[in-house]
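To start, the structure itself, in structure tokens.
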Amino acid sequence: MHRLTSALTVSALLLSAAPLVAQDTPALESVDSRVSYGLGLQIGENLAQNDELDFDLDAFVQGIADVEAGADPRLDQETIVAAFEALNARASEAKLSENTEFLEENGARDGVTTTDSGLQYQVVEEGTGETPAETDTVTVHYEGRLLDETVFDSSIERGEPASFPVNGVIQGWQEALQLMKPGAKWEVWIPSELAYGPQGAGQAIGPNEVLNFTIELISIDS
């Protein structure tokens, strides 16, 4: 539930979960009870992934009970949406603080260079020759990870290098590539402002994520 859209999806599940409210432990023998239990697991898993939410079980149950009873909602949609936005903002601020702390510690490690933009890199292997220009096309092998080591993209896993214009990728990649020479292999850490910022990218990269890449510049093609 890092994004409003995800939060609203969970809200839809909550409205579908009214049959789950019961005093006794359900037998889970019917199709309906098993589907209802499955919905409960999905909701629980979503809630468990949100460290920023101080979950209020009483308010949760009250929302389901009001739907079940056909009662008017106690909060209007505008207030609910504003609350989700406030939660997302709180999570975003926490992520920025976490990123700042990480980059400060990482930048102090031996062998890590921090550029004026905040990009950080460590040379694993030196290259030779000229560095690419912004308008050049390059061929690279790479692997992208979040700070928790989750791999979100990898040409290495696919077993096929990627080719693209230097100016066709995120700002942090553009800066790193223009400092590298063919044959070079670098470990790179890209601050969120040089990557996807507060909007993130798809389901894999959340708001304000620092991205960690292993990049090998194979060749400059043009």
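The values are calculated or read from the model by the stated rules, or taken from the named source; none is laboratory data. Keep in mind that what you see is a predicted model, and the values were worked out from it rather than measured. Every residue, glycine among them, receives a Cβ derived from its backbone with ideal geometry; neighbour counts consider all protein chains shown. Heavy atoms of the whole protein, side chains included, go into the accessibility calculation; ligands, DNA and RNA do not. Shrake-Rupley method; radii C 1.70, N 1.55, O 1.52, S 1.80 Å.
For the stretch 178-205, the set of residues classified as under 15 Å from GLN120 (Cβ atoms) and of a type outside the set (Asp, Glu) consists of LEU179, MET180, TRP186, VAL188, TRP189, ILE190, PRO191, SER192, LEU194, ALA195, listed by residue number. ASN46 meets the conditions (1) under 26 Å from ILE205 (Cα atoms); (2) at pLDDT 50 or above; (3) open to solvent by 90 Å² or more (accessible area, probe 1.4 Å) in every case but one. The failed one is (3). VAL123 fulfils the conditions (1) open to solvent by 20 Å² or more (accessible area, probe 1.4 Å); (2) within 22 Å of the chain's Cα centre (by Cα); (3) in contact (Cβ under 8 Å) with a residue 24 or more places away in the chain except for a single criterion, (2). Just to be sure before I move on: is LEU217 open to solvent by less than 40 Å² (accessible area, probe 1.4 Å), under 30 Å from ALA89 (Cα atoms) and either touching a Leu at 6+ places or on another chain (Cβ under 8 Å) or not charged (D, E, K, R) (or both) in the structure I sent? Spelling it out, it is not the case that LEU217 is open to solvent by less than 40 Å² (accessible area, probe 1.4 Å), under 30 Å from ALA89 (Cα atoms) and either touching a Leu at 6+ places or on another chain (Cβ under 8 Å) or not charged (D, E, K, R) (or both). When ASP110, ASP153, ASP148, ASP136 are checked against the criterion of being of a type in the set (Asp, Glu) and at pLDDT below 95, ASP148 stands alone in meeting it.
Among the strands (runs of 3 or more DSSP E) contained in the stretch 116-222, which hold 1 or more residues that are of a type in the set (Gly, Ala, Ser)? Please lay out each step first, then the result.
Working: elements: 120-125, 137-145, 151-154, 162-165, 185-190, 211-220.
Hits in the stretch 116-222: 137-145, 151-154, 162-165, 211-220.
If you check PRO191, PRO182, PRO161, PRO165 for being touching a strand residue (DSSP E or B) at 6+ places or on another chain (Cβ under 7 Å), open to solvent by less than 40 Å² (accessible area, probe 1.4 Å) and not aliphatic (A, V, I, L, M), only one passes: PRO182.
Restricting LEU28, LEU13, LEU87 to those that are modelled with pLDDT of 80 or more, under 30 Å from ALA201 (Cβ atoms) and among the hydrophobic types (A, V, I, L, M, F, W, C) reduces the list to LEU87. Among the residues making up the stretch 134-162, a single one is without any contact (Cβ under 8 Å) to a residue 60 or more places away in the chain and under 14 Å from ALA176 (Cβ atoms): GLU134.
A single member of ASP72, ASP56, ASP116, ASP76 is closer than 30 Å to GLU175 by Cβ and surrounded by fewer than 11 Cβ atoms within 10 Å (Cβ to Cβ), and it is ASP116. Tally time: how many residues in the stretch 88-114 are without any contact (Cβ under 8 Å) to a residue 40 or more places away in the chain and among the basic types (Lys, Arg)? Matching residues across the stretch 88-114 total 2. Is one or more of the residues making up the stretch 135-154 among the small types (Gly, Ala, Ser) and open to solvent by 20 Å² or more (accessible area, probe 1.4 Å)? Within the stretch 135-154, none of the residues are among the small types (Gly, Ala, Ser) and open to solvent by 20 Å² or more (accessible area, probe 1.4 Å).
Among the residues of the stretch 51-110, write down those that are under 30 Å from ILE190 (Cβ atoms) and assigned to a loop (DSSP other than H, G, I, E, B). Walk me through it before giving the result.
Kept after step one, since they are under 30 Å from ILE190 (Cβ atoms), are these residues of the stretch 51-110: 51-53, 84-110.
Across the stretch 51-110, the qualifying residues are ASP51, GLU52, LEU53, ALA108, ARG109, ASP110.
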